[in-house]
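Chemist: Please find one structure pasted underneath; my questions will follow.
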Ligand code: SF4
Ligand SMILES: [Zn+2]
């Protein structure tokens, strides 16, 4: 016998698919199968359910670099102490966990004068800055499904990074005004290389690496009917640029989806400024929106909770007793490079795998703790690793999709016996921090 | 729970018709009572003003728009941050304060109940997450219905039972309080970059008009007997000459009688009427039509309004009226955010600087005040700024000052750069009426509470009601300088929320026990609507039906108002 759980939310990428069907054994302990998910999403569920490779109790690094098991109480004490003793602890991650956990973490950071930062620091932080510069005309993904007849993918490769995005929302679905599905849509992909996504494009704008800004501004000029100088613009033949412009202007509802190929390449937030302004300009002719392809399944939610609690979406410095935000100064990378943090707390991300080497070295030098269901490059360099239940698999909680739509993730199986959830662990740390502060 | 007696304060309470009498107010177990025992803590309010906690009928304080406003305007935090304290979290922001600051600031002014004015159903969980993080004040949220595809289809086919079943379902699913209508049809049209600028413009592809949408929802609301009436922001907001559309909208409610068990007497509430009372046909000959609008309101007792007063600040506009925000960004060229929400609504955000040097802004300022001063019934005219659209709610005490002091208004009028033009386009200069404390209590307490169907619960000091009580250090008979009004109403000396002392000597001392109000309106089982909901989720929504409902644990301390009909 087995049990079937429907409407399961996938805690992997920002597409946040919520139509998965998970089959478990009778006791709700083991996952037997996952339907509807893409390969990456399914793997996440199946993998978590195989407890043999998982650490189920906190571990502390020894002098010789090996790890020794400790109790959760000891891990709580360690975490509370390093945070309370630090002047400016960096509390990073918050993107692969629930908003409920984020919220408890923020309260700890507030008491300890920490810096709270999420993975936007290394992916869409530039987007958030651009939005602060020029705004953002956007829409929900269901609007795309129901109305869109023009889709641009810029600097992203959903075929690999967000595998079900195209079938659920952007290219293939048939919606209210889009009964013919993909036949009704024209697809433009901007990428320096051919990819599995460019294969689906009606027009592939093969922009020269690092010239996104130029191409974006050329499109803006062409849309206004300004002449373009030169036969090749940013690596793209002028005729192709004009052809793209005709496609964009002749649609009834268009969307630009963009990813790290344009947020982290030369130009950074200026690229996104230009992409947003292009979207805004197009609204003088037709209807257009722009949506960031957020990576971690709840990085968007971290920005939301930070927003309503402090008014800033990432890189929030609470060390002075009030919230400051100055990306480039208060961001994790900069703080680590300047050796300004005196303790590291990581939850819901893997900076050990994603940060520049200099920052990773700094993490390994400082008093630290990493909270993560897995063993990761980060947990391997932190003093203490606290394993926790998988959010979205072993415990529920609220998450925000890339279009800011909140979806409550479900619990489908029990975590390994005695395992804490990150919210439980954080709540215990918060209690302990309050006690230590009171003395 | 503890007992309190507030002694010798000058009490203004329209609910019990107490008009500035010296009186004791007793509190026990969270309620107002006739008497307390000798153990009751006594607070001396001699020479001070005592009122019920104020009730906010329309503000944008929680949810996706508000939060986008916060996150995309770091500049709004400049010079505003306050560190946390023993009972408070750190708090910042001016026009779009953080949730903590929202709770503290309302409480400090003596506001204890606040309605979030526009909740997109798909984002309802977000709204409730923020409400949960907003301390002290009771809150409810109005889901938007005026551009909803279910509503369009049922109304087009004259299926009133289905409309009601759907309303009931959506209120329950989103934990919503009332039927909000924003730019009916126009926000759907905005899906194609279009708009409905009169109430008879057909909605593209849906074969229905804004007038039909409003009339249909009004009828459903009364048939269902909901606590609040429909709550409307009509078409053509913010444009010269729009007062005609406003009057056309008002007329939809003409002669309709209220049906409910909550003591509500109106069938129609129109919000931020200031933005809808414009004459002229361009910004050049833009003028006030406050008198024309209020003449209608005064003679039709089945409707209520709130003002939407401009406070002449730099603020952040945000509304489910997507096309309006696009229009605004083309006027002021400031950063524009927009979110169209599948099957439900659109919305937009643009920062705005109401500059007193600009003629139009000064005229808008005058119109908001004129509406109040022309009102013959303060029980049907409520003070708002449509926070943060016409200004932040933290400016209420300044508006009270303007309404209560002709002198302060005259000074403003004379001080404008375009003083002559402003006076020519408005009648404010000739209105010497001064709102008194009793009328203020009607416009901020008893009136909005009654309109919301909460007249037996809050906004008054009758025994049995929630003990939301405020003491202000001001004496109506002894005001020498209008500035005293603004100062006193900015910082209540004491605030009780349901019997808990939350503000003492102007300081937050407790986070109270905030509640979330929502309405559970019972209707007969309707399999047709159940099937339609399933079908639309399957085909057109981007989330599954089973992931749409706001589960109970996201609703902070729920207080469910059940409606049987
Ligand atoms: S596309 Fe993303 S959210 Fe959807 S199943 Fe795949 S990994 Fe999960
Ligand atoms: Zn409003």
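Chemist: Residue B:309 fails exactly one of the following numbered conditions: (1) more than 14 Å from ligand 2 (Cβ to nearest atom); (2) in contact with a helix residue (DSSP H, G or I) (Cβ under 8 Å, 6 or more places away or on another chain); (3) in a loop (DSSP other than H, G, I, E, B). What is the number of that condition?
Modeler: (1)
Chemist: Next question, about the same structure. Given the residues B:53, B:93, which is the only one that is within 14 Å of another protein chain (Cβ to nearest Cβ) and buried (at least 24 other Cβ atoms within 10 Å of the Cβ)?
Modeler: Answer to the check: B:93.
Chemist: Search the range A:1-27 for residues that are in contact (Cβ under 8 Å) with a residue 40 or more places away in the chain and pair each with any residue that is part of a strand (DSSP E or B) and within 8 Å of ligand 1 (Cβ to nearest atom) when their beta-carbon atoms are under 9 Å apart and the residues are at least 6 apart or on different chains.
Modeler: From residues that are in contact (Cβ under 8 Å) with a residue 40 or more places away in the chain, the pairs are A:5/A:20; A:7/A:20; A:8/A:20; A:9/A:20; A:10/A:20.
Chemist: Do we have any residue at all in the range B:117-133 that's away from every other protein chain (no Cβ under 14 Å), surrounded by 24 or more Cβ atoms within 10 Å (Cβ to Cβ), closer than 27 Å to residue B:224 by Cβ and in contact (Cβ under 8 Å) with a residue 40 or more places away in the chain?
Modeler: yes
Chemist: Further, regarding this structure: Quick test for you: out of A:307, A:261, pick the one residue that is facing chain B (nearest Cβ under 10 Å) and either over 20 Å from the mean Cα position of the chain (by Cα) or not in a loop (DSSP other than H, G, I, E, B) (or both).
Modeler: A:307
Chemist: On the basis of being at pLDDT 95 or above and within 16 Å of ligand 1 (Cβ to nearest atom), does residue A:35 make the cut?
Modeler: Yes; evaluated as a whole, the condition is true for this residue.
Chemist: Please find, within the range A:227-249, the residue that is surrounded by the fewest Cβ atoms within 10 Å (Cβ to Cβ) out of those that are without any contact (Cβ under 8 Å) to a residue 40 or more places away in the chain and assigned to a helix (DSSP H, G or I).
Modeler: Across the range A:227-249, the extreme among qualifying residues is A:239.
Chemist: Ok, one more. What single numbered condition from (1) under 20 Å from the mean Cα position of the chain (by Cα); (2) buried (at least 24 other Cβ atoms within 10 Å of the Cβ); (3) under 30 Å from residue A:321 (Cβ atoms) fails to hold for residue A:140?
Modeler: (3)
Chemist: Something else about it: Inside the range A:52-155, counting only helices (runs of 4 or more DSSP H) that do not spill past its ends, which hold 1 or more residues that are on the phi < 0 side of the Ramachandran plot, modelled with pLDDT of 95 or more and within 12 Å of chain B (Cβ to nearest Cβ)? Step through it out loud before you land on a result.
Modeler: Numbers: elements: A:72-85, A:99-112, A:125-134, A:141-147.
Helices (runs of 4 or more DSSP H) meeting the threshold: A:99-112, A:125-134, A:141-147.
Chemist: Identify, from the list A:44, A:88, the residue that is away from ligand 2 (no atom under 16 Å from the Cβ), crowded, with 17+ Cβ neighbours inside 10 Å, touching a residue at least 60 places away in the same chain (Cβ under 8 Å) and not assigned by TED's automatic domain parsing to the domain that holds residue A:347.
Modeler: Answer to the selection: A:44.
Matching residues to (1) free of Cβ contacts under 8 Å to residues at least 40 places away in the same chain; (2) away from every other protein chain (no Cβ under 14 Å); (3) more than 16 Å from ligand 2 (Cβ to nearest atom); (4) crowded, with 17+ Cβ neighbours inside 10 Å:
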| site | (1), (2), (3), (4) |
| --- | --- |
| B:259 | yes, yes, yes, no |
| B:269 | no, yes, no, yes |
| B:339 | no, no, no, yes |
| B:360 | no, yes, yes, yes |
| B:363 | no, yes, yes, yes |
| B:370 | no, yes, yes, yes |
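Chemist: Answer yes if at least one residue in the range B:58-76 is away from chain A (no Cβ under 14 Å) and within 16 Å of ligand 2 (Cβ to nearest atom), and no otherwise.
Modeler: Yes, that holds for at least one residue.
Chemist: Just for the range B:230-241: of the residues that are assigned to a loop (DSSP other than H, G, I, E, B) and touching a helix residue (DSSP H, G or I) at 6+ places or on another chain (Cβ under 6 Å), which one is surrounded by the fewest Cβ atoms within 10 Å (Cβ to Cβ)? Write out each step before concluding.
Modeler: Step one: filter the range B:230-241 for residues assigned to a loop (DSSP other than H, G, I, E, B), giving B:234-241.
Adding the requirement that they be touching a helix residue (DSSP H, G or I) at 6+ places or on another chain (Cβ under 6 Å) leaves B:234-238.
Details: B:234: 30, B:235: 33, B:236: 28, B:237: 26, B:238: 20.
In this case the residue turns out to be B:238.
Chemist: Checking the condition crowded, with 24+ Cβ neighbours inside 10 Å, over 30 Å from residue B:167 (Cβ atoms) and more than 11 Å from chain A (Cβ to nearest Cβ), which residue from B:104, B:111 passes? Write out each step before concluding.
Modeler: Details: B:111 fails: over 30 Å from residue B:167 (Cβ atoms).
Criteria check complete, one pass: B:104.
The values are calculated or read from the model by the stated rules, or taken from the named source; none is laboratory data. All of these numbers come straight from a predicted model, not from anything done at the bench. Backbone-built Cβ (ideal geometry, glycine too); neighbour counts: all protein chains shown.
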